[in-house]
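These notes concern the structure reproduced below.
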There are 2 protein chains.
Amino acid sequence: MISQTSEYALRAVIHLAHYSGSARTTQQIADATRVPSGYLSKVLQALARAGLVRSQRGLGGGFTLARNEAEVTMLDVIRAVDQPLERINACPLGLVTHTELCPLHRKLDEAVEWVEASFGSTMIADLLGKGEVEPLCDASTEKDVTLRVTRNKSE
Amino acid sequence: MISQTSEYALRAVIHLAHYSGSARTTQQIADATRVPSGYLSKVLQALARAGLVRSQRGLGGGFTLARNEAEVTMLDVIRAVDQPLERINACPLGLVTHTELCPLHRKLDEAVEWVEASFGSTMIADLLGKGEVEPLCDASTEKDVTLRVTRNKSE
DNA sequence: CATCAATTGGATCATGATGTACGGATCTGC
DNA sequence: GCAGATCCGTACATCATGATCCAATTGATG
């Protein structure tokens with residue numbers, strides 16, 4: 001549905017929103033969200049370039065949310081790290097005779113439209129789930145969490 | 001939204017539905033749908049393996065739809081060529097403490113669900129657009145179609 | 001100055017998308 | 001039935017890109 005990178009970005013942002021106030025280091029975020037830290041570093045940088053997070057070097061540094069979690073949408077986060085999930089405006093075949101989209105591309109655009117509307121109206125704050133279910137997917141503690149065995153296709 | 005490969009597969013199937021009855025060669029399909037023929041060949045293979053199209057070698061051969069266009073969904077076609085766009089059933093982080101999905105993954109799954117429902121209930125026949133707009137994106141003739149200039153990022 | 005943590009650049013690996021080329025099947029004309 | 005023209009089937013080779021890791025560098029803090 002969305003790229004791995006977008007997933008990672010969303011997890012990171014949600015994590016930061018959860019720890020809003022204190023700076024979180026790349027390693028801390030990586031551990032909590034189960035994202036490879038080396039890659040997360042680049043994802044966080046993209047988020048920083050987009051102005052969604054602020055970074056602070058040195059002791060006590062790390063990342064913090066740059067904007068209020070009630071004002072940032074899922075779509076904002078996705079757009080910061082991936083290319084923009086565009087609507088289909090013109091016939092992808094480039095046929096000028098088609099002033100309207102053919103049924104296929106109308107249907108495909110409809111899906112893009114729905115996803116855009118859904119993700120575009122969902123704030124990060126909506127994903128924190130106060131009380132009901134645990135905030136992100138980081139359980140009680142951040143270390144020693146029991147993992148379910150994930151099957152690789154190589155086996 | 002969907003992969004290039006899925007797009008190609010859908011175009012090909014729609015083209016075949018439009019020419020239902022007569023066999024269409026890979027080259028004919030490629031020309032009409034603006035898909036690289038070399039690649040299309042493999043896409044058609046996958047469709048054949050999935051039982052969606054039938055192939056016939058030799059003179060006068062080509063591909064035909066194996067099932068009625070009113071009984072095949074967009075999702076069937078997509079599933080034949082791409083890995084299956086799965087619902088999110090369990091926490092992707094593998095946390096066993098999460099019996100329910102966290103808000104993020106519930107939202108993401110919701111999108112998958114919608115797309116699945118939309119594509120799963122749209123038949124190929126629905127994409128032919130009898131009369132209103134041109135069938136697929138192949139305009140009046142299949143050759144000498146005026147193309148809109150498509151900009152490459154390399155320029 | 002020593003330590004900590006982000007920043008950056010490059011190396012690697014898998015995979016999707018594409019082109020090429022050859023072999024096997026099938027039909028047509030004789 | 002034989003020859004040759006078609007047309008699918010498949011195996012490689014290539015290229016771009018997403019995802020990943022690692023090491024060196026820069027900047028902040030005490």
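The values are calculated or read from the model by the stated rules, or taken from the named source; none is laboratory data. Keep in mind that what you see is a predicted model, and the values were worked out from it rather than measured. FYI the Cβ positions are ideal-geometry reconstructions off the backbone, even for glycines, and counts take in every protein chain you see.
Data overview
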{"read-out": "Of all residues making up segment B:46-92, the number that are touching a residue at least 24 places away in the same chain (Cβ under 8 Å), within 16 Å of DNA strand C (Cβ to nearest atom), within 16 Å of the chain's Cα centre (by Cα) and farther than 24 Å from B:Val112 by Cα", "value": "4"}
{"read-out": "Filter result (within 7 Å of DNA strand D (Cβ to nearest atom), assigned to a helix (DSSP H, G or I) and more than 17 Å from B:Gln4 (Cα to Cα)) within segment B:31-68", "value": "B:Ala48"}
{"read-out": "All positions within segment B:42-64 that are more than 15 Å from B:Val81 (Cα to Cα) and buried (at least 21 other Cβ atoms within 10 Å of the Cβ)", "value": "B:Gly62, B:Phe63"}
{"read-out": "Criterion violated by A:His15 - all others in (1) within 13 Å of DNA strand C (Cβ to nearest atom); (2) surrounded by fewer than 21 Cβ atoms within 10 Å (Cβ to Cβ); (3) in contact (Cβ under 8 Å) with a residue 60 or more places away in the chain; (4) within 11 Å of another protein chain (Cβ to nearest Cβ) satisfied", "value": "(2)"}
{"read-out": "Residue check, B:Arg79 in a helix (DSSP H, G or I), more than 16 Å from DNA strand D (Cβ to nearest atom), closer than 27 Å to A:Arg106 by Cα and within 12 Å of chain A (Cβ to nearest Cβ)", "value": "no"}
{"read-out": "Number of the exception - B:Val43 against (1) within 12 Å of DNA strand C (Cβ to nearest atom); (2) more than 13 Å from the chain's Cα centre (by Cα); (3) over 17 Å from A:Leu93 (Cα atoms)", "value": "(2)"}
{"read-out": "Within segment B:101-155, tally of residues that are at pLDDT 95 or above, assigned to a loop (DSSP other than H, G, I, E, B) and more than 7 Å from chain A (Cβ to nearest Cβ)", "value": "1"}
{"read-out": "First in segment B:23-37 and more than 14 Å from chain A (Cβ to nearest Cβ), second anywhere and more than 9 Å from DNA strand D (Cβ to nearest atom) and outside any helix (DSSP H, G or I), Cβ under 7 Å, 6 or more apart", "value": "B:Ala23/B:Thr64"}
